[in-house]
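S.K.: Got a structure for you, questions after.
The values are calculated or read from the model by the stated rules, or taken from the named source; none is laboratory data. Quick caveat, the model's predicted, so the values are computed rather than measured. Cβ placement follows ideal geometry from the backbone for every residue including glycine, while neighbour counts extend to all protein chains displayed. Note: accessible area is taken over every heavy atom of the protein model, side chains too, but ligands, DNA and RNA are not part of it. Shrake-Rupley method; radii C 1.70, N 1.55, O 1.52, S 1.80 Å.
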Protein chains: 2
Amino acid sequence: MTWSPAVESLVRELSRLPGVGRRSAARLAHHILRVPREDALRLAQSIQEARQRVHPCPRCGNYAETDLCHVCSDPRRDAGLVTVLEKPSDISAFESTGRFRGLYHVLGALLSPLDGVGPDEMNLASLEARLARGEVRELVLATPASTEGDATALYIQKLAAPHGVPVTRLARGLPVGGELEYSDSLTVLRAFEGRTPA
Amino acid sequence: MTWSPAVESLVRELSRLPGVGRRSAARLAHHILRVPREDALRLAQSIQEARQRVHPCPRCGNYAETDLCHVCSDPRRDAGLVTVLEKPSDISAFESTGRFRGLYHVLGALLSPLDGVGPDEMNLASLEARLARGEVRELVLATPASTEGDATALYIQKLAAPHGVPVTRLARGLPVGGELEYSDSLTVLRAFEGRTPA
């Protein structure tokens, strides 16, 4: 052991964070031990408070502190347009456009039978409830372009069919500013398949 | 604001960590909100406990939880051989050799008049006390090869002179496995200046 027990256990806990190896964890620990005590304690407190206050929004699965999340409880949002996402962090990509005025539905996981993730492990019961209540006019699927993302999209399409709710998916194609020359072949193929009238 | 207040404040506190931008902070926050609650709380607790239990060793300035640090309180270490370092994290580089059996002295800062760091901002009073007690046989300077590191080394050399304690510095030269072709010119120069009989 290189450090005293409390420092060692701080390094160990920090190295559990994603993308943080033992060396980075040691660097973070030294920082935490060097900054003013109140700064370090504020970090600890913000972790505790986030875990105490934040719960999944019962309607959409986003982070919520009040009853519904801040998107679902905003009366100016269009409750009929619902974008389905994998995780709460995907919401910020949508919100950053500043143009999407609908609501979200966070699945929490993608269908992956090989990893033991079936429909029951996803936030689908509340999605069915939303569809059954007839409040959804269009369901936009924003699951990633992967095997799991595609399987999930297909599953939700079938789920929505009996409710007669139109389901759309995000366009696949060349990113804005992306050069054809440097694009991967699958992206070029999707852009070709999804070509639109000029 | 993209997130609810508790999530936002968690992201803000995490982004104060060194090398953690807003995007990485958001990723860490999502991780903290997704892992089992006890894992998140254990991280918070390890931060609090480290700040409560760890104090600078009164002898050497290393992290300590008991009276002296775990190096100073080890009776098998050679108390006459003292390596002077900038920060506690430098100790692990020395300890990882498994061959250094002396003690340390952590300065906590390097002499840098332009940044307002003078001798009083460094852990020097306890170094003088160690020298005055006659317990030091050799002082090894391991401050970095920078303007501040060199100025600090020079200052400590003068500090040690009246006590008649021999002062040495770590060798500068080519790192083990380092190729001459790819070494910077200053390293090559130092290696040439410090050449030893073959």
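S.K.: Can you tell me the FRET efficiency between B:Leu186 and B:Ala151 if r is taken as the Cβ-Cβ distance and R0 is 30 Å, rounded to the nearest 0.05?
M.R.: On the way: r = 17 Å, r/R0 = 0.56.
Here the calculated transfer efficiency is 0.95.
S.K.: Just counting partner chain Cβ atoms within 10 Å, what average do the residues of peptide B:182-191 show around their Cβ? Write out the running numbers ahead of the final one.
M.R.: Numbers: counts 0, 0, 0, 0, 0, 0, 0, 0, 0, 0.
Average neighbour count from other chains, rounded to a whole number: 0.
S.K.: Which of A:Leu170, A:Leu43, A:Leu154 moves most in a GNM of chain A, Cα contacts under 10 Å?
M.R.: Among A:Leu170, A:Leu43, A:Leu154, the largest GNM mean-square fluctuation belongs to A:Leu43.
S.K.: Now for a separate question. Taking the 0 to 90 degree range and rounding to the nearest ten, how far is the long axis of helix B:37-53 tilted relative to the main principal axis of chain B, both from C-alpha atoms?
M.R.: Once rounded, one gets 40 degrees.
S.K.: Separate question: Excluding same-chain residues fewer than 8 positions from A:Lys158, which aspartates and glutamates have a Cα within less than 16 Å of its Cα?
M.R.: A:Asp120, A:Glu128, A:Glu138, A:Glu148, A:Asp150
S.K.: Remind me, relative contact order of the range A:130-198 in percent, using alpha carbon pairs under 8 angstrom and six or more residues apart?
M.R.: 30
S.K.: For A:Arg169, which sequence-distant residues (separation of 5 or more, or a different chain) have an amide H within less than 5 Å of its own amide H, given hydrogens modelled in the peptide plane?
M.R.: Correct list: A:Leu141.
S.K.: Which residues' amide hydrogens lie under 5 Å from the amide hydrogen of B:His105, considering only partners 5 or more residues apart or on another chain, with H built in the peptide plane?
M.R.: Amide H neighbours of B:His105: B:Thr83, B:Val84, B:Leu85.
S.K.: Give me the percent of DSSP beta bridges within the range B:43-198 that run antiparallel, rounded to the nearest 5. Please list the in-between numbers first.
M.R.: Values: 3 of 15 bridges.
Once the DSSP bridges in the range B:43-198 are tallied, antiparallel ones form about 20 percent.
S.K.: With θ set to phi - 60°, apply the Karplus curve 6.51 cos²θ - 1.76 cosθ + 1.60 along the range A:121-129 and write out the HN-Hα couplings as whole Hz, x wherever there is a Gly or Pro.
M.R.: Coupling constants for the range A:121-129: 7, 9, 7, 9, 4, 6, 6, 4, 4 Hz.
S.K.: Residue-wise, which Karplus ³J(HN,Hα) couplings in Hz belong to the range B:74-83, taking 6.51 cos²θ - 1.76 cosθ + 1.60, θ = phi - 60°, and x for glycine or proline?
M.R.: With coefficients 6.51, -1.76 and 1.60, one gets 8, x, 7, 7, 7, 6, x, 10, 10, 9 Hz.
S.K.: Still on this structure, I have one more. Quick one: putting +1 on the C-beta of Lys and Arg, -1 on the C-beta of Asp and Glu, what dipole do you get for the protein assembly as shown around its Cα centre, in Debye to the nearest 20? If you can, show how the numbers build up before the last one.
M.R.: Values: 48 positive and 48 negative charges, 64 e Å.
Taking the Cα centre of the protein assembly as shown as origin, the dipole is about 300 debye.
S.K.: Taking all protein chains together and a probe of 1.4 Å, list A:Asp184, B:Asp67 from the most accessible to the least accessible.
M.R.: Details: A:Asp184 85, B:Asp67 110 Å².
So the residues, ranked largest to smallest area, are B:Asp67, A:Asp184.
S.K.: Just to confirm the number: angle between the C-alpha axis of helix B:147-160 and the first principal axis of chain B, 0 to 90 degrees, nearest 10?
M.R.: 50
S.K.: What angle, in degrees between 0 and 90 and rounded to the nearest 10, separates the Cα long axis of helix A:22-34 from the longest principal axis of the Cα atoms of chain A?
M.R.: Computed tilt is about 60 degrees.
S.K.: Also: To check you understand DSSP bridge types, tell me what percent of the beta bridges within the protein assembly as shown (both residues inside) are antiparallel, rounded to 5. Let's see the in-between values first.
M.R.: Details: 6 of 30 bridges.
Around 20 percent of the beta bridges assigned by DSSP in the protein assembly as shown are antiparallel ones.
S.K.: Moving to a separate point now. Given the C-alpha centroids of the range B:52-109 and the range A:1-25, what is the distance between them in whole angstrom?
M.R.: When both Cα centres are located, 19 Å separates them.
S.K.: Can you list, shortest first and in nm, the gaps between the label point of A:Arg133 and those of its counterparts in the other copies, using a point 7 Å from Cα in the C-beta direction?
M.R.: 7.1
S.K.: Shifting gears a bit: Heads up, I need the accessible area for B:Phe192: 1.4 angstrom probe, whole protein in place, Å², nearest 10.
M.R.: Its accessible surface works out to 130 Å², give or take rounding.
S.K.: Name the residue from B:Val136, B:Gly118, B:Ser46 whose Cα lies farthest towards the positive end of the charge dipole of chain B, charges +1 on Cβ of Lys and Arg and -1 on Cβ of Asp and Glu.
M.R.: Among B:Val136, B:Gly118, B:Ser46, the one farthest towards the positive end of the dipole of chain B is B:Ser46.
S.K.: Show B:Tyr63, B:Tyr182 ordered by accessible area, largest first, where the area counts protein heavy atoms only and the probe is 1.4 Å. Please list the in-between numbers first.
M.R.: Working: B:Tyr63 25, B:Tyr182 165 Å².
Result, largest first: B:Tyr182, B:Tyr63.
S.K.: Next question, about the same structure. Counting alpha carbon pairs within less than 8 Å and at least 6 residues apart, what relative contact order, in whole percent, applies to the range A:63-169? Numbers along the way, then the final one.
M.R.: Values: 144 pairs, mean separation 28.9, N = 107.
It rounds to 27 percent for the range A:63-169.
S.K.: Still on this structure, I have one more. For the range A:63-169, build the charge dipole from Cβ charges (+1 Lys, Arg; -1 Asp, Glu) around the Cα centre, then report which of A:Ile156, A:Gly108, A:Leu81 sits farthest towards its positive end.
M.R.: A:Leu81
S.K.: Can you give me the solvent accessible area of A:Glu193 with a 1.4 Å probe, rounded to the nearest 10 Å²?
M.R.: Its heavy atoms expose roughly 120 Å² to the probe.
S.K.: In deg cm²/dmol and to the nearest 500, what is the mean residue ellipticity at 222 nm of chain A if only DSSP H runs of at least 4 residues count, each as -39500 (n - 2.57), divided by the residue total? The partial results should precede the final answer.
M.R.: Numbers: 7 runs with 79 residues, N = 198.
Dividing the helical sum by the residues of chain A leaves -12000 deg cm²/dmol.
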